Amino acid sequence: MSVTYKLVDDIGVITVDNPPVNALSHAVRQGLVEAIATAQDDSSKAVVIVCAGRTFIAGADISEFGKPPQEPSLPDVMAAVEASAKPVIAALHGTALGGGFELALSCHYRCALGSASVGLPEVKLGLLPGAGGTQRVPRLVGVEAALDMITAGNPVAASEAARLGLIDEVVGEPLQESALAYARGLVAHGAPLRRVRDISIAPDSYSNGQFDAYRARLNKRMRGQEAPQRIVSCIEAAMTLPFDEGLKKERELFIECRESGQSAALRHIFFAERTAPKVVGLSADTAARKVASVGIIGGGTMGGGIAMSFANAGIPVRLLEVSDEALERGLKLIARNYSITVSKGKLSEADAAARQNLITGTTDYQDFAGLDLVIEAVFESMDVKRQVFGQLDKVCKPGAILATNTSYLDVNEIAAATSRPQDVIGLHFFSPANVMKLLEVVRGEQTADDVIATAMKIGKQIRKVPVLARVCYGFIGNRMLRQYAREAQLCMIEGASPEQIDNALTTWGMAMGPLAVGDLAGIDIGYKARQALTDEQKGDPRTYCIADALAEMGRLGQKTGAGYYRYDPETRARSADPEVLEVIEAQATRMGVTRRAISDGEIVDRHILALVNEGFRILEEGIAQRPGDIDVVYVFGYGFPSWRGGPMFYAEQQGLARVYERICQLRDTHGDANWTPAPLLEQLVRENRSLADWVRQPA
Ligand code: 3HC
Ligand code: NAI
């Protein structure tokens, strides 16, 4: 029974118990309606709704979306609760979210533990609150606060929720007893049946232009997304229509959202994020190793950020550098990053100091002797990395996990520098490592199962999204990125400008365009890497000649004030640079390319389908465990729009046959070298199968 009802003296207590998060499944909805009905006919004077387990109801059951709806609907449940002739009190703990918080808003009173939070995160699933949230919240907090809360979807702590008027009372533990006492107090004072629907909104508390102004702001902040715009329409309806008509409007727009491709994509990412850390074929009783202390080698861009990620999770870190000066530089960079976070008001000074104190420096490998996990983040050179791992092999205790943050190098070759390849693994963080959520976990041929299990577990502990990959050049993300970056170079030489390419892709939804990213990372990185290669290894010169020319002019990107763009030295604002067009045209002439007009649609297709085609190869080779993992990599590591679900979901949504056909067209125009369709894509189209039901056969 997921909902039970009992009388405690003169108070009826409804308990929802539907692990893990008490989602409003069909059984819970039905149970709630029945329990409210029972309470109408017994001796109770008031009713308390409380939840078992770790949280109050965390929302509708997302796994039911896409299936035929079953009565009672959520709005029916809300209506039954609100219409109760006896006061209903919601008692909140954990996270009261979405439909769960809407249920609380339908109650006549709300109390919560101080540790609780409430929120309407539907927008993050491409939805809007579809059970009265958009109609009730503005009645409690006003138009602007409601717009901010529901379009952002972030949780609000109990104390803030009480200040805003979203909850009535913050109570202490144990919750049920406090809620019973609160309910008895209300009964003793003859508290009325206070329905949020009856609160009227002062007509002078908002202006007619406010909604259009907000829509325009959202067009910038949440470009391309449909749900936020619909939320504004719902809140506008709450102001301009009677309550029941407002509810009707909300329902209509909710259903539009629920049926939309954007919501399907965001729901896919929600579940893919939670599935990614699960390792196929790992026995359930593989115990993770203990990780209570971490060492990091190299305190540069990545090492410092990785150190912060562990310190932020309360894990002490030893940072090793080549010299005292390099160590001081690394520790100073960390201190600076913490003070920036404090100055932005995101962390208290005391917390920043406590975290920083967890990071201590050394230049002596002996200090790593007792550590549980060591992560190497030195220069991207096989010789240097092998030397570091050789040293680690000498000093680290047996069973210590030895990880490399390499972006491209062969983890097996690095592991072979030790006498314990079973303990070696890749932990590929993304820059800035203390901010970016993606963590590629790269298993070597000999990596032990419990080392993989530990990596996935520790990844979650430091609040990253771990995704498992096998060894290949660039693993999942960077291997695909090479194809995407190649298209940026080719589109430029064939006729597009850097700003046309970047605009086409950001308008489509990418967080940044490839050339702006190139300027941020530094054009010299690829240039230097190419210097070590033969012409044959470098491949088609059209894919790097512009980058090389810019690098040789000293245009290395943001750090030199010029790259594919020019940057204002004061504001860092970016502008197009005619000098770059001259470079592009000169290189086109040199390569015998006649430039032409390229449409934005062609730019988008070529970039995104280059990712997709390589994604299919990665899947087929078993580099990634499942299509959703590739999507998670691109959404959390490369700024791919979550509302398009990641490259593999996007391909599926477009229709694999259509994607295949377009890739064949590109092959016919641009040649086999870059556009041979991936065999797995070809096979699925031939067999008329979808990616969702494809499972890789064990080797
Ligand atoms: N429906 C179905 N399953 C859900 C769920 C939901 N609303 N919320 C969480 N789950 C599942 C997860 O998939 C996961 O399953 P798994 O163990 O099989 O992988 C399990 O519950 C635990 O979830 P988390 O790993 O995310 O647990 P955390 O403790 O880290 O986080 C949480 C808990 C904060 C509640 C987080 O799960 C969350 O944010 N859930 C979604 C909340 C949400 O979006 N609610 C709105 C739903 S839409 C709605 O209510 C529409 C209404 O307005 C009409
Ligand atoms: P970086 O040049 O900023 O820092 C490297 C640091 O390692 C320097 O401080 C250097 O003094 C130190 N170092 C070099 N040799 C050492 C040794 N033998 N012992 C101890 N310290 C040593 O480099 P960055 O960008 O931090 O990259 C480090 C690694 O992370 C590389 O393998 C790189 O490919 C990878 N990586 C880089 C990303 C990025 O965006 N910068 C993203 C993901 C991975």
- [ ] Look at residue 45 and say whether it is open to solvent by 30 Å² or more (accessible area, probe 1.4 Å) and touching a Pro at 6+ places or on another chain (Cβ under 9 Å).
- [x] yes
- [ ] With the condition kept exactly as written, say whether any residue in segment 116-124 is in the same structural domain as residue 191 (by TED's automatic domain parsing), in a strand (DSSP E or B), open to solvent by less than 10 Å² (accessible area, probe 1.4 Å) and among the β-branched types (Val, Ile, Thr).
- [x] yes
Open item on the list: Regarding segment 290-303, can at least one residue be identified that is loosely packed, with under 15 Cβ neighbours inside 10 Å and either modelled with pLDDT under 95 or within 16 Å of ligand 1 (Cβ to nearest atom) (or both)?
Closed with: yes
Open item on the list: Which count do you get for residues in segment 181-231 that are open to solvent by 80 Å² or more (accessible area, probe 1.4 Å), assigned to a loop (DSSP other than H, G, I, E, B) and under 30 Å from residue 169 (Cβ atoms)?
Closed with: 4
Open item on the list: Looking at segment 632-647, can you tell me whether even one residue there is farther than 19 Å from residue 506 by Cβ, of a type outside the set (Ser, Thr, Tyr) and touching a residue at least 24 places away in the same chain (Cβ under 8 Å)?
Closed with: yes
Task: Sole residue being crowded, with 21+ Cβ neighbours inside 10 Å, more than 16 Å from ligand 2 (Cβ to nearest atom) and within 28 Å of the chain's Cα centre (by Cα), chosen from 31, 59, 12, 53 - done: 59
Open item on the list: Looking only at segment 530-551, count every residue that is free of Cβ contacts under 8 Å to residues at least 12 places away in the same chain and either within 18 Å of residue 591 (Cβ to Cβ) or hydrophobic (A, V, I, L, M, F, W, C) (or both) and tell me the total.
Closed with: 6
Task: Exclusive hit being outside any helix (DSSP H, G or I), closer than 30 Å to residue 452 by Cβ and among the basic types (Lys, Arg), set 689, 617, 595 - done: 689
TODO: Pick out the one residue from 403, 455, 433, 352 that is away from ligand 1 (no atom under 16 Å from the Cβ) and in contact with a Pro (Cβ under 9 Å, 6 or more places away or on another chain).
DONE: 455
TODO: Find the residue count for segment 305-322, including only residues that are free of Cβ contacts under 8 Å to residues at least 60 places away in the same chain and not hydrophobic (A, V, I, L, M, F, W, C).
DONE: 4
Task: When residues of segment 41-50 are limited to those that are of a type outside the set (S, T, N, Q) and without any contact (Cβ under 8 Å) to a residue 40 or more places away in the chain, the one nearest to ligand 2 (Cβ to nearest atom) - done: 42
Task: Options 567, 527, 473, 544; residue that is open to solvent by 50 Å² or more (accessible area, probe 1.4 Å) and among the aromatic types (Phe, Trp, Tyr) - done: 473
TODO: All but one of (1) free of Cβ contacts under 8 Å to residues at least 60 places away in the same chain; (2) within 16 Å of ligand 1 (Cβ to nearest atom) hold for residue 134, so report the exception by its number.
DONE: (1)
Task: Close pairs (7 angstrom Cβ cut-off, 6 or more residues apart or separate chains): closer than 13 Å to residue 576 by Cα and of a type outside the set (A, V, I, L, M, F, W, C) in segment 499-524, within 14 Å of ligand 2 (Cβ to nearest atom) and open to solvent by 10 Å² or more (accessible area, probe 1.4 Å) anywhere - done: 519/558
Task: Whichever residue in segment 404-422 is within 18 Å of residue 481 (Cα to Cα) and not β-branched (Val, Ile, Thr) and, among such residues, is farthest from ligand 2 (Cβ to nearest atom) - done: 410
TODO: Assess whether residue 159 counts as being on the phi < 0 side of the Ramachandran plot, crowded, with 18+ Cβ neighbours inside 10 Å, among the hydroxyl-bearing types (Ser, Thr, Tyr) and assigned to a helix (DSSP H, G or I).
DONE: no
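This table checks each residue for (1) within 12 Å of ligand 1 (Cβ to nearest atom); (2) under 30 Å from residue 270 (Cβ atoms); (3) modelled with pLDDT under 95; (4) out of contact with any Asp or Glu (no Cβ under 7 Å at 6 or more places or on another chain).
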site: 2; (1), (2), (3), (4): no, yes, no, no
site: 7; (1), (2), (3), (4): no, no, no, no
site: 16; (1), (2), (3), (4): no, yes, no, yes
site: 25; (1), (2), (3), (4): yes, yes, no, no
site: 37; (1), (2), (3), (4): no, no, no, yes
site: 40; (1), (2), (3), (4): no, no, no, yes
site: 46; (1), (2), (3), (4): no, no, no, yes
site: 55; (1), (2), (3), (4): yes, yes, no, yes
site: 58; (1), (2), (3), (4): yes, yes, no, yes
- [ ] Just need a number here: residues in segment 640-686 that are open to solvent by 20 Å² or more (accessible area, probe 1.4 Å), closer than 20 Å to residue 265 by Cβ and not in a helix (DSSP H, G or I).
- [x] 1
- [ ] Considering only residues that are of a type in the set (Gly, Ala, Ser), buried (at least 24 other Cβ atoms within 10 Å of the Cβ) and more than 8 Å from ligand 1 (Cβ to nearest atom), look in segment 85-106 and name the one that is nearest to the chain's Cα centre (by Cα).
- [x] 96
Open item on the list: Can you find a residue that is more than 28 Å from residue 590 (Cβ to Cβ), polar (S, T, N, Q) and either at pLDDT below 95 or in contact with a helix residue (DSSP H, G or I) (Cβ under 6 Å, 6 or more places away or on another chain) (or both) anywhere in segment 451-470?
Closed with: no
Task: Selection count where residues are assigned to a loop (DSSP other than H, G, I, E, B) and surrounded by 18 or more Cβ atoms within 10 Å (Cβ to Cβ), scope segment 547-564 - done: 4
Task: Of all residues in segment 554-604 being of a type in the set (Ser, Thr, Tyr) and in contact (Cβ under 8 Å) with a residue 24 or more places away in the chain, the one that is nearest to residue 540 (Cα to Cα) - done: 564
Open item on the list: Looking at residue 487 and the list (1) closer than 24 Å to residue 270 by Cβ; (2) in a helix (DSSP H, G or I), which single condition is not satisfied?
Closed with: (1)
TODO: Name every residue in segment 525-546 that is assigned to a helix (DSSP H, G or I) and modelled with pLDDT under 95, in order of residue number.
DONE: 525, 526, 527, 528, 529, 530, 531, 535, 536, 537, 538
Task: Neighbours by Cβ (under 7 Å, 6+ apart or cross-chain): first from segment 392-411, assigned by TED's automatic domain parsing to the domain that holds residue 377; second surrounded by 22 or more Cβ atoms within 10 Å (Cβ to Cβ) and of a type in the set (Ser, Thr, Tyr) - done: 401/454; 411/404
TODO: Tally the residues that are loosely packed, with under 15 Cβ neighbours inside 10 Å and either more than 16 Å from ligand 2 (Cβ to nearest atom) or at positive phi (or both), restricting the search to segment 354-378.
DONE: 4
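The values are calculated or read from the model by the stated rules, or taken from the named source; none is laboratory data. The shown structure was predicted, so the numbers you read here are calculated from the model rather than taken from an experiment. Don't worry about glycine lacking a Cβ; one is built from the backbone with ideal geometry, like all the others, and counts go over all protein chains shown. Protein only, heavy atoms only, side chains kept; ligands, DNA and RNA dropped before computing areas. Shrake-Rupley method; radii C 1.70, N 1.55, O 1.52, S 1.80 Å.
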